[in-house]
Amino acid sequence: MNLNVRVETLGGVGPTMAAKLERLGIKAVGDLLNHFPRRYEDFSQIIPIRSMKPGPVTFRGQVAQIASRRGRNRRLSITEAIISDATGTAKAVWFNQPFLVRQFPPGTPVMVSGKLEFRNSDLALQTPAIEKDEGGESKHTGRIVAVYPETEGLTSKQLRNLIMPLLNLTDDLPEVLPEQVVKKAKLMSRAEAVKEVHAPSSEDSMRKARYRLGFEELFFIIAASLAIKHEIKTEPAPKVKLDVAEARRFTGALDFELTNGQRQAAWQILNDMAGEQPMNRLLEGDVGSGKTMVAILAAAMAIASGYQAALMVPTDILARQHFQKLAPLLKKLGIKSELLLGRLPAAAKQQALDAAANGSAQLMIGTHALVSEQVKFKNLGLVVIDEQHRFGVEQRQALKQKAGHLPHLLSMTATPIPRSLTLTVYGDLDLSVIDELPPGRQPIGTKVIQPKDRELMYDFINKQISSGRQVFVVCPLIEDSDLTGAKSVTAEAERLKAGPFARRSIAVMHGRMKAPERDEIMQKFAAGEINILVATSVIEVGIDVPNATIMLIEGAERFGLAALHQLRGRVGRGEHRSYCMVASDSTAPGVVERLQALERTHDGFRLAQIDLELRGPGQIYGRRQHGMLELDMADLGDSRLVAAVRAAAEDFVTSKSDMLQYPQVVERINRLKSVTSLD
Ligand code: ADP
Ligand code: MG
């Protein structure tokens, strides 16, 4: 059978079933084979009926009696069977499966797997799996049974019924990894792994199969990031001299001392820029750790060597804020800067574009507009991208065209990225971490707010407002159809006006508002004319209002801990003690416990690690950004796996002959390379 044909060609798959399968991403027959189990039930121990104890059991026997009746609730049908073997009899009960009576008439040899439980003092198997015992291979009983990611109306049993008959086709599955990788890492072949993952012949081989498939998943991702790294290394770099006097001049212009963390990061960056290859570095540091200063020092150094630098931030408001805040320092240093946004009065824009092109602007501050086609630079040596995403392949190409060479690249993020990810998807980046905050910062008092705490919380916030402080209220995006979150923000603002904050001035801000309108509100808020700003989390991630002391996050269960931690960093930027209220009305188990991690720790890395363990990488870093992080099999916490894959991938991408020998592997790596251009 051809694995590329649609699932409808399989017996028993009609349009309804096909639609359900499609919801799981299964369209072709081959997709079924790639729909891997989530977990397993071990029903492999077959025992005599007499020795059964409550719990999971499996036995062989014969149907002695079977009958269906209506339950007290008329819509419920109950099927009961007595099954016997040479040692005794067992009772089994099913609900709403009257067809079993026809399928398993008395005398049918069967295999049964399920849970033996007491119900109303009656010891019986509750809804066990049952199948005819015909001596062949069983699907649902008497073995380690696969449990799949399911969808409404499509059970693991149905999936097993579809997948098991296909497993004799797995022998034809081609190996996708290079031969020597399979050998060296002692991996199961792909063909065997796919078979064993669906129908394990033992626990050991199931583990080996999952390891192999996880290895494969990671191999291409890691190889792509390492390939990028090697490609960058072949580019000539702008030569930025590490000039100690210039660094002194810079620190002398500051009205504070750099922290050790900042010094260390700066040292690594300046060394990179003095090297032969373009820098490709990620600077990680908690909100408020002072990444911007490090970036400006790097810019000053590039400028001292005659290059231009660009600082790119996610939004207009942030760009303006940076431009204004940095102006005095840049003036002291004698650095000429220009602001470039997509939306600027025509004359201002032309001036900025000219200044970039003729080199009179040494530092360009702006948004994405900085890399748009119309922008020309005289001699761009360094690009810093703040809090957005890293440079993708296309962006790098575009920068190279603009500058005539690949400029040094520095990405900055407050999102703590666990080590396992820096070794995998971020494997192309060198990493600097600022692991301390400037001295004198107070920790932000954090509390998880449940419904019973709300009244007290509103009282507390009112007191803070009365003493002159300001408040952020962040609402999640509720509906997919309203990606701006406008609805939830507006509704929450109305609720607050009508209730606890009737006397306060409340403003809303969301993505559906025009930029000038948002700017105006932000300026009013910064000027203290607004008490409470209700906004979505995607808006203005880096905003700095020192008088705002309260961050209230509604629907907090919808956010990852790392994201909540970043929102928390929006307050505590001034002299006043600040607070973060993490509100959730969710009663789902574990929600409050998860959120309470924020009360205990202010360490962003720790929180990201907890996120990674509880929710997986896709949840932390967002699907849109990291489609490739939807790992089914690979456990990023498995450091042995990550190290083995990294070693294999490194070998592969640095060996010309291997690359020549395996064009398909190379093609797949190349495809992923452009996926890593996160847009
Ligand atoms: P982030 O890492 O979040 O981008 P910023 O660079 O915006 O942090 O710095 C936050 C604030 O701390 C700014 O007002 C900045 O001037 C100040 N700052 C930076 N470094 C230091 C330092 N070493 N000592 C004191 N304040 C600092
Ligand atoms: Mg910042």
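The values are calculated or read from the model by the stated rules, or taken from the named source; none is laboratory data. A quick note: this is a predicted structure, and the numbers were derived from the prediction, not measured. Here the Cβ is made from the backbone with ideal geometry for all residues, glycine too, and neighbour counts use every protein chain on show. Areas reflect the complete protein model, heavy atoms only, side chains present, ligands, DNA and RNA absent. Shrake-Rupley method; radii C 1.70, N 1.55, O 1.52, S 1.80 Å.
Once the Cα atoms of helix 604-615 and of the chain are each reduced to a long axis, what angle between those two axes, in degrees from 0 to 90 to the nearest 10, is obtained? Orientation of helix 604-615: about 30 degrees from the principal axis. What you get for the range 304-363, charging only the Cβ of Lys and Arg (+1) and of Asp and Glu (-1), is a dipole of about 200 debye around the Cα centre. Around the Cα centre of the range 139-256, unit charges on the Cβ atoms of Lys, Arg, Asp and Glu (plus for the first two, minus for the last two) sum to a dipole of about 320 debye. Taken as Cα centroids, the range 362-395 and the range 323-337 sit 19 Å apart, rounded to the nearest whole angstrom.
Using only alpha-carbon positions in the chain, the gyration tensor eigenvalues give semi-axes of 56, 34, 21 Å once each is multiplied by 5 and square-rooted (largest first).
How much of the calculated P(r) for the range 212-352 lies past 20 Å, in percent of all Cα pairs? Result for the distance tail: 58 percent. Considering only A146, L187, P238, and ranking their Cα positions along the charge dipole of the chain that arises from unit charges at the beta-carbon of Lys, Arg, Asp and Glu, the one farthest toward the positive end is A146.
Across every direction, the projection of the convex hull enclosing the Cα atoms of the range 164-253 has a mean area of 11.0 nm².
Semi-axis lengths, largest first, of the ellipsoid equivalent to the range 345-394 are 20, 13, 10 Å, with √(5λ) applied to each eigenvalue of the Cα gyration tensor. Applying the Karplus relation 6.51 cos²θ - 1.76 cosθ + 1.60 with θ = phi - 60° to the range 295-310 yields 3J(HN,Hα) values of 5, 5, 4, 4, 5, 4, 5, 4, 5, 4, 8, x, 9, 9, 10, 10 Hz, where x marks Gly and Pro.
Relative contact order of the range 192-302, taken over Cα pairs closer than 8 Å and 6 or more residues apart, is 28 percent. Seen against the Cα atoms of the chain and their longest principal axis, helix 639-653 is set at about 70 degrees. Most simply put, the chain has about 40% antiparallel DSSP beta bridges, counting only bridges with both residues inside it.
Each residue of the range 233-245 is assigned a 3J(HN,Hα), and the resulting list reads 5, 8, 7, x, 10, x, 8, 10, 5, 7, 9, 5, 4 Hz, derived from the Karplus form 6.51 cos²θ - 1.76 cosθ + 1.60 (θ = phi - 60°), x at Gly and Pro.
Computed over protein heavy atoms with a 1.4 Å probe, the accessible surface of the range 282-418 works out to 34 Å² per residue.
Only Cα pairs under 8 Å and 6+ residues apart enter the sum, and on that basis the relative contact order of the chain stands at 12 percent.
Along the axis of the charge dipole computed for the chain (Cβ charges of +1 for Lys and Arg, -1 for Asp and Glu, origin at the Cα centre), the listed residues Y307, G290, A502 are led at the positive end by A502.
Across the range 150-211, the relative contact order, built from alpha-carbon pairs under 8 Å that are at least six residues apart, equals 28 percent. Spatial offset of the range 177-206 relative to the range 102-154 amounts to 28 Å, using the alpha carbon center of each. GluC sites (Glu not before Pro), restricted to the range 341-434: which are DSSP loop and have at most 16 other Cβ atoms within 10 Å? When the GluC sites (Glu not before Pro) of the range 341-434 are filtered for loop state and at most 16 Cβ neighbours within 10 Å, E373 remain.
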